[in-house]
Amino acid sequence: DAEKIEVIYNACDIEKIQKMSNEKIENEKIYELLNNNSGKIIMNVGRLTYQKGQKHLIKAFKEVKKKIPAAKLVILGKGELERDLRDLIKELQLEEDVILLGFFDNPYKYLKRADIFTFSSMFEGLGNILLEAMACGLPIISTDCEYGPREIIAPNSNLKGHINDIEEDEYGILVPVCEDVKNKNIIENTKLTEKEKILARAIIELLNNNEKRKEYSKKSLKRIQFFSMEKNKKEWETLFEKI
C-alpha cells in the first residue's frame, strides 16, 4: 500500500564534511595543481567501474580541452577499470590533463578546491557523493540516471522524465546518460557519441560562466540542508512516534 510508505533520504554530515574539507593537502604536486588552475578544475569521485561512467567523462573532456586549454579533470577513486582508463587517457593524449589520484579517506579537501563536480554514472541508488560535493559548495553537472540525481537536483520536476539535452534545474544541471556497450573495449572507439558531446558542452558552458557557477554553488549549499543529520533525525523520530 503506497499510503503506508514513508521515504527518508540518506543523511549527510554537513558539519563534518565542511570541517574535513579545510584540512591541508600534503602532496605539494597535487596542491599546486588544484590551486594554480582556478576556475578550470573538473572533479569526479567514484569507483573506477562501468557503473560510474568515467570513460564517457574522459572522452567528453577531450572536447572540453579544445575550448578551454587550461582545464584539468581530476578523478578520485580506485577500481577494476583503472588500467583501461589510463589506456584511454593515453590514447586521447590527455596524460597531462586527466589525473587519476586514487582513493583517499578524505576526498573533501580535494573537492573543495575544484570548480565543478561532474557525475557521469550510468545508474545509481541515490548518489551520496553528489550530496558530499554539494556540502563542499560545488556546482553540479550530473547524468539524469536512474535513480537519485534528479531527486536531488530537480526535486519538483517529473521524476520519471528523461532528457535528450542539457537541462538547467533548480539545484544543478542534468545531462542525458551516455550511450554504452557494457563489455566493449574502452579504447576500441574513441569517437564522441552525441550524448558525450552534450556532456562536454554542459561542462564548457559552466566553466565559461563564472556567475552561473557562483549561483549553483550557493544553490548546492542551500539544497544540502534538506539532507542534514538533524532533519534526518527528526524524520526518524516522527516515524517511530507514528508507529
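The values are calculated or read from the model by the stated rules, or taken from the named source; none is laboratory data. Keep in mind it's a predicted model, so treat the numbers as computed, not measured. Reconstructed Cβ throughout: ideal geometry from the backbone, glycine too, with neighbour counts over all protein chains shown. The protein model used for the area step is the full one, side chains on, heavy atoms only, and it has no ligands, DNA or RNA in it. Shrake-Rupley method; radii C 1.70, N 1.55, O 1.52, S 1.80 Å.
Using only helices, what value at 222 nm comes out for the chain when you add -39,500 (n - 2.57) per DSSP H run of length 4 or more and divide by the total residues, to the nearest 500 deg cm²/dmol?
That comes out to -12000 deg cm²/dmol.
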Q: Could you please state how large a percent of the accessible area of the stretch 77-177 is carbon and sulfur, counting protein chains only and using a 1.4 Å probe?
A: 43
**Q.** Neighbour net charge for residue 48 - beta-carbon separation under 11 angstrom, K R +1, D E -1
**A.** +3
Q: Run the quick spin-label model on residue 106 and residue 233: label points 7 Å from Cα toward the beta carbon, then report their separation in nm to one decimal.
A: 2.4
Q) Quick one: net charge of residue 216's neighbours, Cβ under 15 Å, K/R +1, D/E -1? A) -1
Q. How are the Cα pair distances of the stretch 138-241 distributed, in percent, across 10 Å bins from 0?
A. 13, 35, 30, 15, 6, 1
Q. Between residue 121 and residues 5 or more places away or on another chain, which pairs have amide H atoms under 5 Å apart, with H built 1.01 Å from N, and which residues are they?
A. 143
**Q.** Anchor residue 24: aspartates and glutamates whose Cα lies under 14 Å away (excluding residues fewer than 8 positions away in-chain)
**A.** 32, 105
Q: Against the globular-protein guess of 2.2 N^0.38 Å, express the Cα radius of gyration of the chain as a ratio, rounded to two decimals.
A: 1.01
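Please identify every one of the trypsin sites (Lys or Arg not before Pro) in the stretch 104-170 that sits in a loop by DSSP and has no more than 13 other beta carbons within 10 Å of its own beta carbon.
Sparse-neighbourhood loop trypsin sites (Lys or Arg not before Pro): 160.
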Q | Stretchable slack from residue 95 to residue 6, in nm (0.36 nm times residue separation minus alpha-carbon distance) | A | 27.3 nm
**Q.** Distant-in-sequence amide H partners of residue 146 (H built 1.01 Å from N, under 5 Å)
**A.** 124
Q: With label points built 7 Å along Cα→Cβ from the Cα atoms of residue 209 and residue 242, find their separation and express it in nm.
A: 3.8
Q) Protein chains only, probe 1.4 Å: how do 83, 213, 47 rank by accessible area, largest first? A) 83, 47, 213
Q.
Just to be sure I understand the model, the point goes 7 Å from the Cα along the line to the Cβ. What's the resulting residue 193 to residue 80 distance in nm?
A. 2.0
Q: Report the extension gain between residue 35 and residue 156 in nm, rounded to one decimal, defined as 0.36 nm multiplied by the number of residues separating them, less their alpha carbon distance.
A: 40.0 nm
